[in-house]
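The structure appears below as structure tokens.
The values are calculated or read from the model by the stated rules, or taken from the named source; none is laboratory data. What you see is a predicted model; the values in this text were computed from it and never measured. Here the Cβ positions follow ideal geometry from the backbone for every residue, glycine too, while neighbour counts run over all protein chains shown.
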Amino acid sequence: MNKKVVTAFYLMLNVIFSIAIVLLNKWLYVHTRFPNVTLSMIHFVMTFIGLIICEKFDVFCIKDVDIKEMILIAMTFCGFVILTNLSLAYNTVGTYQVAKMLTTPCVIMMQMIFYRKRFSIFVKLTLIPITLGVMINFYYDIQFNVIGTIYATLGVLVTSLYQVMINRKQKEFQMDPMQLLFYQAPLSAVMLLIVVPILEPIGQTLSHNWSLLDVAMVILSGVVAFFVNLTSYWIIGKTSPLTYNMVGHSKFCLLLIGGALIFHETLAINQVIGIILTLIGIILYAHVKMKDNQPLIPELERETKPLHKV
């Protein structure tokens, strides 16, 4: 089969799965009130099962590493997934998606403060429209709420920390994203299994009369989460950073449209201005980084696409 056709097919699948996982999770939170931590744990388990199957078919190979080295990453992984899911549960899809864009400036700040990493003035300037756009969107969000804002902020901070850590571990152990995820997913699932009874009414969850549709949607969200990982992994290895980021921008826009159509989320004109500012900043950032011939910061998009959006 023509290589361009195969690439286009995987890009299309990645866009579909990435959008579907966000909208599926939002649907579960809105219509079933399914417990957040339990849902994340189910996703981790299903992702691990999917990775085992992929390894059997030689999609990737397992690399030995001391489990102790992965514990802190797994804990941070749990935090970023749970907090971003809570942000999705308490915010509109649009605000949730725009807030995630703050990860880029946050990661840059962490690298500058903790690792003394230097960035060009042009990179720093692109962070202004990103940050300003997010602030405008939150300020004029007609469904603004303090809890949602707190979860979104904490989600950005923990996600940025996780991104910096995973980037260093990947270089330290010479492991690709799927090799790392093979250890992260089961460790994170076990950690959540321990805290679920503390954070959520497990008795109520088990005794609740879930409909067949509810159960099917939970399982489907887990399957989709895994395929987000799989297609992202393939795209990162087979396409250019420009292609990957342009696909990311298209998903950003399509998710805003999806939130408006499915959940009837309306946008104030000032929110639209904020979103456009953010998108311009992200596109300029990607352009400057590729011009500098440096790796793009949104490694989270590349390394953990998945459960992130889980």
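Data table
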{"read-out": "Only one of Y151, Y139 that is surrounded by fewer than 17 Cβ atoms within 10 Å (Cβ to Cβ) and among the aromatic types (F, W, Y)", "value": "Y139"}
{"read-out": "Members of the stretch 55-85 found to be outside any helix (DSSP H, G or I) and closer than 30 Å to L199 by Cα, listed by number", "value": "D66"}
{"read-out": "Failed condition for S160, given (1) out of contact with any Pro (no Cβ under 6 Å at 6 or more places or on another chain); (2) part of a helix (DSSP H, G or I); (3) more than 17 Å from M75 (Cβ to Cβ); (4) not aliphatic (A, V, I, L, M)", "value": "(3)"}
{"read-out": "Filter pass, I16 being part of a helix (DSSP H, G or I) and over 25 Å from F252 (Cα atoms)", "value": "no"}
{"read-out": "Residue in the stretch 102-119 that is assigned to a loop (DSSP other than H, G, I, E, B) and touching a residue at least 60 places away in the same chain (Cβ under 8 Å) present", "value": "no"}
{"read-out": "Count of residues meeting criterion [touching a Phe, Trp or Tyr at 6+ places or on another chain (Cβ under 8 Å) and modelled with pLDDT of 90 or more] in the stretch 1-13", "value": "1"}
{"read-out": "Of the criteria (1) aromatic (F, W, Y); (2) within 30 Å of K291 (Cα to Cα); (3) part of a helix (DSSP H, G or I), which one Y139 fails", "value": "(2)"}
{"read-out": "Residue list for the stretch 154-174, filter: more than 16 Å from D66 (Cβ to Cβ) and either crowded, with 18+ Cβ neighbours inside 10 Å or free of Cβ contacts under 8 Å to residues at least 24 places away in the same chain (or both)", "value": "G155, V156, V158, T159, S160, Y162, Q163, V164, I166, N167, K171"}
{"read-out": "Test for I52: is it over 19 Å from the mean Cα position of the chain (by Cα), at pLDDT 95 or above and part of a helix (DSSP H, G or I)", "value": "yes"}
{"read-out": "Which numbered condition P177 misses (of (1) surrounded by fewer than 23 Cβ atoms within 10 Å (Cβ to Cβ); (2) under 14 Å from the mean Cα position of the chain (by Cα); (3) under 18 Å from T84 (Cα atoms); (4) not β-branched (V, I, T))", "value": "(3)"}
{"read-out": "Residue match in the stretch 198-214 (condition: part of a helix (DSSP H, G or I), in contact with a Ser or Thr (Cβ under 6 Å, 6 or more places away or on another chain), within 29 Å of I108 (Cα to Cα) and modelled with pLDDT of 90 or more)", "value": "no"}
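So that you can scan it fast, the table gives a plain yes or no per residue for (1) of a type in the set (D, E); (2) surrounded by fewer than 18 Cβ atoms within 10 Å (Cβ to Cβ):
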site: V22; (1), (2): no, no
site: L39; (1), (2): no, no
site: G50; (1), (2): no, no
site: E69; (1), (2): yes, yes
site: S87; (1), (2): no, no
site: T92; (1), (2): no, no
site: R116; (1), (2): no, yes
site: I121; (1), (2): no, yes
site: T126; (1), (2): no, no
